[in-house]
Amino acid sequence: VLTGGHERGHVNGNGSLTNGAAAQSDGGVEALLQTLVERASRPLEEAQAMPAEFFTNEALYELELERVFHKEWLCVGRQEEIKEPGSWLTANIAGEPVVVVRGDDGTIRALSRVCPHRFMDVLAEEKADRGKCEGFVCPYHSWAFDFEGKLSGAPLMSRNSLYEREKDSIHLPSFKVELWKGFIFVNLDKDAEPLAPRLADMDELIGQYRLEEWHLVDRVDWPESPSNWKLCMDNSRENYHSQGLHRKTVEFLWPSHMAGADTTESRYWYAQHMHCSPEAAIGEEDGHYLNPLVLPPLDGLSAFDRSQYLLAGVYPSMFVAAGPDLLFYATWRPTGPTSHKFELQVCVHESNLDRPDLDKIVAENHEWLVEIQSEDAWALTAVQEMLNSRKGALDGGPLSYLERPIWQFQRYMAEKLVGVEL
Ligand code: FES
Ligand SMILES: [Fe+2]
């Protein structure tokens, strides 16, 4: 993919910063990929954010769809959301309309929602993105499909001999599904390698949270953001901005200077630790300041665990924030070159599900989440607007040690988009 001869004008031979205005004018995706590989190849001490064009270039977006979103495992929900046979949830994965459904045999499958007759969304009449049915009936001409996607009936078709010959092979295409710790992942690539082996070494870090025992209790469904998905990715992965953007909300609880920097080496996941401040702590144990709680904490966690929120993410579009009493997870997906959809979910451990005050606790927590997410959403929109500047400093600045996941993400993207291993 890489071609030589591009003059970007923003990195000289020793990697120092120069004016990046050239990044706007040459516009080519090849040059951008060259910059990506160059920055991703540097040691962390030389790490630098990508130029503005990384977040606006349309050709790059097409490449991301093809090489990242149509190839990677993407989280679409939790298994307990579709407990019964026939319960389903929908997801739009980089333009692909998908339904994930539990079959009569208990198996979870992912199917395309494009009707093989004349292309209606078989769930077009559904207003909600979760539901339950006896089978899928296309609202256009009533063709019916079972939970494996097979055609189970089509009215007034028997006079067509093509239909009669082919009907047993007419179906909604299916996609790969894998469950990981209660999370449902879908992959559009039929040849995708399984997910679990990639994440096996994550267990050392997150195993004690027994994520498969938690249940979804709340969703913060956020309106589509007019910003590139990678701005969301980068924002979700660093605690550096707590002392800036979240100075009135998060910083008091989990200050940036107490964050444990990412040290992971995996190509598939990343992690950081947010630790509670002495001022906000409800106590101290073995030198660790313990998080305030709204529910009894998960049993078996160490004092270290009870002092932290563990942020652990799976590339390219999901993170988990595991605390002693609440589990948050977020997903985001591009909807265009400069837009994405973000969702935030809240889970509680199964041992807390029957509490009579759970609804109230969840509602109060919801308000707090909306407040923080509003700050993040505001920032992403504000940053995207600045990317249209022609005269600003658009090259990207040096990264803090707390922004290590952004440098790691550059390495991931260089591998996915260009095929280099770093
Ligand atoms: S488009 Fe679905 S039945 Fe005709
Ligand atoms: Fe944030």
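Please treat every number below as a calculation from the coordinates, not as lab data. Quantities reported herein were computed from a predicted structural model and do not represent experimental measurements. Positions of Cβ are backbone-derived with ideal geometry, glycine not excepted, and every protein chain shown enters the neighbour counts.
Things to note:
- With K and R counted +1 and D and E -1, the other residues having a Cβ less than 11 Å from that of Asp191 yield a net charge of +1.
- Spin-label model, Ala59 to Val362: label points 7 Å out along the Cα-to-beta-carbon direction sit 4.8 nm apart.
- Extension gain, Glu45-Glu421: 0.36 nm per intervening residue step, less the Cα-Cα distance, totals 133.4 nm.
- Relative packing of peptides 313-322, 179-188, 106-115 - highest average C-beta neighbours within 10 Å first: 313-322, 179-188, 106-115
- Taking 16 Å as the cut-off, the amide N atoms of the stretch 112-140 that come nearer than this to a point 7 Å along the Cα-to-beta-carbon line of Glu148 belong to 112, 135-136.
- For the stretch 310-326, 3J(HN,Hα) per residue [Karplus equation, 6.51 cos²θ - 1.76 cosθ + 1.60, θ = phi - 60°, Hz, x = Gly/Pro]: 8, 8, 10, x, 10, 4, x, 8, 7, 9, 10, 10, 9, x, x, 10, 9
- Qualifying lysines (Cα of each under 28 Å from Cα of Lys391; at least 8 residues distant if same chain): Lys230
- In the stretch 273-417, Cα pairs under 8 Å separated by at least six residues give a relative contact order of 12 percent.
- Full-stretch length increase - Ile170, Tyr140 - with 0.36 nm per residue and alpha-carbon distance subtracted: 9.1 nm
- Those aspartates and glutamates that a straight Cα-Cα span of less than 17 Å connects to Lys167, excepting residues fewer than 8 apart in one chain: Asp146, Glu148
- Considering only Trp214, Ala40, Ser339, the residue lying farthest towards the positive end of the dipole of the chain is Ser339, judged by Cα position with unit charges set on Cβ.
- When each of Lys150/Lys181; Lys132/Lys176; Lys71/Lys127; Lys181/Lys248; Lys176/Lys341; Lys71/Lys181 is checked by Cα-Cα distance, pairs over 25 Å: Lys150/Lys181; Lys71/Lys127; Lys181/Lys248
- Karplus-derived HN-Hα couplings along the stretch 266-277 (A = 6.51, B = -1.76, C = 1.60, θ = phi - 60°), whole Hz, x at Gly and Pro: 5, 7, 10, 8, 8, 7, 9, 10, 9, 10, 5, 7
- Under Karplus coefficients 6.51, -1.76 and 1.60, residue-wise ³J(HN,Hα) of the stretch 199-206 in Hz, glycine/proline x: 9, 4, 6, 6, 4, 4, 8, 10
- Chymotrypsin sites (Phe, Trp or Tyr not before Pro) lying in DSSP loop within the stretch 91-170, provided at most 11 other Cβ fall within 10 Å: Phe119
- Residues Lys190 and Ser266, FRET efficiency given R0 of 25 Å [Cβ-Cβ distance, rounded to 0.05]: 0.55
- Summed side-chain charge close to Pro316 - residues other than Pro316 whose Cβ falls under 10 Å, Lys, Arg +1, Asp, Glu -1: +2
- Here the sum of -39500 (n - 2.57) over DSSP H runs of 4 or more residues, divided by the residues of the chain, equals -6500 deg cm²/dmol at 222 nm, to the nearest 500.
- Environment charge of Cys138, counting only residues whose C-beta is closer than 11 Å and scoring Lys/Arg +1, Asp/Glu -1: 0
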